[in-house]
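S.K.: Encoded as C-alpha cells, here's the structure I'll be asking about.
Just so it is clear, none of the values below were taken in a lab; they were calculated from the coordinates. A quick note: this is a predicted structure, and the numbers were derived from the prediction, not measured. Note that we place each Cβ from the backbone using ideal geometry, even for glycine, and neighbour counts take in every protein chain shown.
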Amino acid sequence: MRSFLVLLLPFAAATWTPCAQDSQCMAIGQKCCLVGGPPAPEGGSCCAPTDCVEKITIAGPFHYCKKTAADTPLVKNDDWAAFKQTFGKTYDDNAEESKRFDVFMSNLQYITGENAKGHNFTLGVNQFSDLTPEEFATQNTGWAKPDALFGDVPHLGNHTWDGSDLPESIDWTTKGAVTPVKNQGQCGSCWAFSAVGALEGARQLKTGNLTSLAEQQFVDCPSKLNIPPLLGCNGGAMSGAFDFAKKHAICTEASYKYTAKGGSCKSSSCDIGIPQGKVMGYKGLAPLARIIPGTEKELMSAVAQQPVSVGIEAASAPFQHYKSGVFSGDCGSMPLGLIDHGVLLVGYGTDPAAGGNYWKIKNSWATTWGDSGYVMLKRGDEGKYGQCHILSSASYPIVSK
C-alpha cells in the first residue's frame, strides 16, 4: 500500500491525524475521511463525518476534513491543494511554494485555454505542472548529440522497406514485449530508457521471456570517453547504449535498481538479463541521422517487427502537459531533424475519434504523464522529419537467442 502523504503546510486549527481506515480514528465520533482513488495517495485523515467534504478539482474528486484544511495559509485554491496532494509536492519554504503556485496557475490557465481550442488532443495537469517550460526541458530530456554518427557501434546497415503490405496496426504492449512504464526522474537518462526498452523487446521476441533490464547500469558503467558519448544523467545516445550492450552482459532491473543519479558501477554483482555476446549491433533507418530522415513506411515496417528506439523533440509546453488523443501540437523549435529526447516506439494505428493516424510511444516520465505514460503522435503529413522529428533518428538492436 502506498504511504499517505499528509497535507501540506502547517495549520492553525485542529490536529491532522493520518488514517487508512476508521479503526485508526480514536476520537469519539470521528471516521477516516479518505482522500480519493488513484492517482491520489491512499489514506486520509480523521474527522467527524459531517466535516468530510468532497471537492471537485483538476485531479478529480477529493475529500478533505474541512476544519483541518481551512486555516492552511497557502492552500490558495482546491486545484493547488489537489495537485500537491496527488503528486506529493513539498517545498523548502513559503517563498518557493508561492513561486510554484504562480507557475502552476499560469500552466493551468494555459491548459484550459488550449483545451478550449478543440484540438484532437487534450492537455492536463501532471507532475510537471509547477515547472516552467524551460525548467521542464532542462530536467526531463537528456539525449546528447553524438560526436560521430556511429562511433564504434556495430552499425549493421539501414533498415529498408521492401514494399510488402504492412499491417494496419501493431501494438507491442498487447503482445508481451513491453515492460511497464518507468520513470527517469530528474536525470537526463532518457537515452538509456529508450535503448533498454528496445533491448527488452528484442530479447523477448527471441526467447519468449520479458525481463526488465537495468537502466542504472547504462548510467553508471560506460566510460565517459565512449563514442557516441554516454554521460549518465547528463545525456547520451541510443546507438552508444547498443554499443555498450554488445560489449557487456546486461543486468536485470531487479538486481540493479534505478536511482536517478550517477554512481559507481555494480554490474559485477548483478543478475544477468542478456548475456554478453547476444547483442550483435543495431540497424538505423535514416540515411543520415537528423539530416536525411527515414520514411514513414520504413518506420512502420521496422516497428511491425519489434519495438524501436526513436529520438523526438519534446521541449514544448503542449508536450509537457499532454494528456490524451493524437498529438499534433508544437514540439519545440529545433531546426532540421534535431531531437532532445529518447523514447520507445511500440506501435502505430488509426483512431478517428482520437485524431486519426498515430504512432504509439512509451515515455519514461511515469504513468502520471500523458495517457498512462504513453503518447500518440500524429502519423503522416507532418513534413519530411515527421511529427516531433520522429523519422530523423530511429534505430533498433539486433539480438540473438
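S.K.: Could you please rank 298, 135, placing first whichever residue has the fewest other Cβ atoms within 10 Å of its Cβ? Before the final figure, lay out each step's value.
M.R.: On the way: 298 18, 135 13.
Going from sparsest to densest Cβ surroundings: 135, 298.
S.K.: Between the helical axis of 238-247 and the dominant principal axis of the chain, each derived from Cα atoms, what acute angle in degrees is found, rounded to the nearest 10?
M.R.: With both axes taken from Cα atoms, the answer is about 70 degrees.
S.K.: Here's a follow-up. Farthest toward the dipole's positive end in the chain, which of 140, 48, 158, given Cβ charges of +1 (Lys, Arg) and -1 (Asp, Glu) about the Cα centre?
M.R.: 158
S.K.: List, in order, the whole-Hz ³J(HN,Hα) value for each residue of region 374-384 obtained from phi through the Karplus relation with A = 6.51, B = -1.76, C = 1.60 and θ = phi - 60°; use x for Gly and Pro.
M.R.: 10, 9, 9, 8, 4, 10, x, 6, 10, x, 5
S.K.: Sorting 53, 196 on the 10 Å Cβ count, fewest up front, what's the list?
M.R.: Details: 53 14, 196 30.
Least to most surrounded, the residues fall as 53, 196.
S.K.: Which one of 368, 95, 251 is farthest out on the positive end of the charge dipole of the chain, using unit charges on Cβ (Lys, Arg +1; Asp, Glu -1) and the Cα centre as origin?
M.R.: 251
S.K.: Estimate the FRET efficiency between residue 168 and residue 95 by the formula 1/(1 + (r/R0)^6), using the beta-carbon distance for r and 60 Å for R0, to the nearest 0.05.
M.R.: Efficiency at R0 = 60 Å is approximately 0.65.
S.K.: Still on this structure: For a quick check: with amide H placed at 1.01 Å from N, whose amide H comes under 5 Å from residue 159's, ignoring anything fewer than 5 positions away on the same chain?
M.R.: Excluding prolines and chain starts, which carry no amide H, the hits are 284, 285.
S.K.: For all pairs of alpha-carbon atoms in region 181-237, what percent lies in each bin of width 5 Å, listed from the first bin to the last filled one?
M.R.: Calculated P(r), rounded to whole percents: 4, 20, 28, 21, 14, 9, 3, 0.
S.K.: Most mobile of 23, 324, 372 per a Gaussian network model of the chain (Cα springs, under 10 Å)?
M.R.: Greatest mean-square fluctuation among the candidates belongs to 23.
S.K.: List the Cys residues of the chain that have no partner Cys with a C-beta closer than 4.7 Å.
M.R.: When partners are defined as cysteine Cβ atoms under 4.7 Å apart, the chain leaves 190 without one.
S.K.: OK, next. Identify which of 55, 261, 283 has the largest mean-square fluctuation in a Gaussian network model of the chain, with springs joining Cα atoms closer than 10 Å.
M.R.: So, out of 55, 261, 283, the one fluctuating most is 55.
S.K.: Per 0.36 nm of contour for each residue apart, how much would the distance between residue 210 and residue 119 grow if the chain were fully extended, relative to their Cα-Cα spacing?
M.R.: Details: separation 91, 0.36 × 91 = 32.76 nm, distance 3.67 nm.
Working it through step by step, the gained length comes to 29.1 nm.
S.K.: So, one more: Working out 0.36 nm times the residue gap between residue 138 and residue 54, then minus their Cα-Cα distance, what length gain in nm do you get to one decimal? Could you put the intermediate results ahead of the total?
M.R.: Working: separation 84, 0.36 × 84 = 30.24 nm, distance 3.68 nm.
Between residue 138 and residue 54, full extension yields an extra 26.6 nm.
S.K.: With unit charges on the beta carbons (Lys and Arg positive, Asp and Glu negative) and the dipole taken about the Cα centre of region 134-399, which residue among 286, 216, 316 sits farthest to the positive side?
M.R.: About the Cα centre, the residue reaching furthest to the positive side is 216.
S.K.: Could you check which residue among 297, 246, 362 shows the biggest mean-square fluctuation in a GNM of the chain with a 10 Å Cα cutoff?
M.R.: Looking only at 297, 246, 362, the largest GNM fluctuation is found for 297.
S.K.: Could I ask something else about it? Rounded to the nearest 20 Debye, what is the dipole magnitude of the chain about its Cα centre when Lys and Arg each give +1 and Asp and Glu each give -1 at the C-beta? Could the numbers behind the result be given before it?
M.R.: Numbers: 33 positive and 37 negative charges, 173 e Å.
It works out to roughly 840 debye.
S.K.: If neighbour count is taken as other Cβ atoms inside 10 Å, put 359, 369, 161 in order from fewest to most. Walk me through the numbers before you get to the answer.
M.R.: Values: 359 30, 369 24, 161 17.
In increasing order of surrounding Cβ atoms, one gets 161, 369, 359.
S.K.: Amide H to amide H, which residues 5 or more places from residue 371 or on other chains are under 5 Å from it, using H placed in the peptide plane?
M.R.: none
S.K.: Continuing with the same structure: So how compact is the chain: Cα radius of gyration and Dmax in angstrom?
M.R.: For the chain, the Cα-based Rg and Dmax read 23.0, 75 Å.
S.K.: With θ taken as phi - 60° and the coefficients 6.51, -1.76 and 1.60, list the Karplus ³J(HN,Hα) couplings across region 204-213 in order, rounded to whole Hz; mark glycine and proline as x.
M.R.: 4, 5, 8, 10, x, 10, 9, 10, 6, 9
S.K.: Give me the number: length gained by fully extending residue 271 to residue 24, i.e. 0.36 nm times residue separation minus the C-alpha to C-alpha distance, one decimal in nm. Kindly include the intermediate steps, with their values, before the conclusion.
M.R.: Values: separation 247, 0.36 × 247 = 88.92 nm, distance 4.17 nm.
Taking residue 271 through residue 24 to full extension adds about 84.7 nm, to one decimal.
S.K.: Separate question: Where the centre of each part is set by its Cα atoms, how far does region 231-275 sit from region 377-401, in angstrom?
M.R.: For region 231-275 versus region 377-401, the Cα centre distance is 24 Å.
S.K.: With respect to the cross-link table entries 182/378; 31/182; 31/362; 175/224; 323/384, which display a Cα-Cα separation exceeding 32 Å?
M.R.: On the way: 182/378 23 Å; 31/182 36 Å; 31/362 41 Å; 175/224 36 Å; 323/384 26 Å.
Result: 31/182; 31/362; 175/224 exceed 32 Å.
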